[in-house]
Amino acid sequence: MFENSPPPTLKPRSTAQNVYELLRGDIVLGVLKPLEAIREAEIAQQLGVSRTPVREALLRLANLGLVDIYPQSGTRVAPIRLEKVRAAQLIREAVEVEVVRRACRTITERQLDGLRHLIEDQTVAFTRGDNRRLFELDEEFHRMIYAAAGLSAVADELEDLKVHLNRLRYVSVNWPRGGDKITGEHSDILAALVARDEAAAASAMTHHLRAVLPVLDRLAGGDAPSTL
């Protein structure tokens, strides 16, 4: 847990929220792997908190479908459930295609420059083999489009829904396609935004968000990377 870095210092005002966000992040990023046991006492000791906020955080994660709690045998990270991933992908596509259409009408030159810089940073992350940074920059790219459309609140509402999709997106970032494909798809979206071409932007976003579907099909057929 928390990879090899020291455990973060939690803010006393929202200890359970901090524990929840830390554990959710570790599950999405594959630090805590599917079916791995989660022990309240160990987490509490690592973070320097009581077991109560840890228990509260685990209950929230269970409600979200990220952990499975077994009364007699403890808590484990939930497997990636393909039906939840498919549902999240469908909803995300429906929302973000409309968002990018609206962004074509309202995005500023400064925001376009921001997207260009993000793509440059993504290319660097891909070249370095830094999948975590590439994933974070991907999230930031999409967040900026929401902001350009004046719909950041919508992005906030979708965060819990997207966790199931994000788990698969992170572990499959180089399977079966590489990070260069992701930056290329982002460049196509940016070009459409620069041209203020709503149809092209919607098409580029649809293509980008549907790239995870072949991964789902392969998983359903029993083909999976070693990280799953």
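The values are calculated or read from the model by the stated rules, or taken from the named source; none is laboratory data. Bear in mind that the values here come from a model prediction, so they are computed numbers and not experimental data. Glycine also receives a Cβ, built like all others from the backbone with ideal geometry; neighbour counts cover every protein chain displayed. Please note that ligands, DNA and RNA were not included when accessible areas were found on the heavy atoms of the full protein model with its side chains. Shrake-Rupley method; radii C 1.70, N 1.55, O 1.52, S 1.80 Å.
A full extension of the chain between Glu136 and Ala94 corresponds to an added length of 12.9 nm, given 0.36 nm per residue minus the alpha carbon distance.
Under a 5 Å amide H cut-off, with hydrogens placed 1.01 Å from N, Val67 pairs with Ala62, Ala78 among residues at least 5 apart or on other chains.
When the Cα convex hull of the chain is projected onto planes of every orientation, the mean area is 13.2 nm².
Across the stretch 56-191, C-alpha contacts under 8 Å between residues 6 or more apart give a mean separation that, scaled by the residue count, equals a relative contact order of 30 percent. Taken over the stretch 76-132, the ratio of Cα radius of gyration to 2.2 N^0.38 Å equals 1.60.
Remark: the chain carries 50 Å² of accessible area per residue (probe radius 1.4 Å; ligands, DNA and RNA excluded). Spatially close Lys pairs in the chain, defined by Cα atoms under 22 Å apart and a spacing of eight or more places or different chains, total 4.
Summary value for the chain: 23 percent relative contact order, contacts being C-alpha pairs under 8 angstrom separated by 6+ residues.
Extending 7 Å from Cα along the Cβ direction at Leu161 and again at Arg128 yields two label points whose distance is 3.3 nm. For the chain, the 222 nm mean residue ellipticity estimated from helices alone, with every DSSP H stretch of n ≥ 4 adding -39500 (n - 2.57) and the total spread over all residues, rounds to -22500 deg cm²/dmol. Stretching Glu120 away from Leu82 to a fully extended chain increases their span by 10.5 nm, per 0.36 nm per residue minus the current alpha-carbon distance.
For the stretch 13-109, averaging the sequence separation of C-alpha pairs within contact (under 8 Å, six or more residues apart) and dividing by the residue count gives a relative contact order of 28 percent. Loop sites by DSSP among the trypsin sites (Lys or Arg not before Pro) of the chain, restricted to those with at most 15 other Cβ atoms within 10 angstrom, leave 82-195 as the longest stretch without any of them.
The Rg/Rh ratio of the stretch 26-99, with Rg taken over Cα atoms and Rh as the Kirkwood radius over Cα pairs, comes to 1.08. One equal scatterer on each Cα of the stretch 126-215, no solvent, Debye formula: the resulting log10 I(q)/I(0) at q = 0.11, 0.13 Å⁻¹ is -0.32, -0.45.
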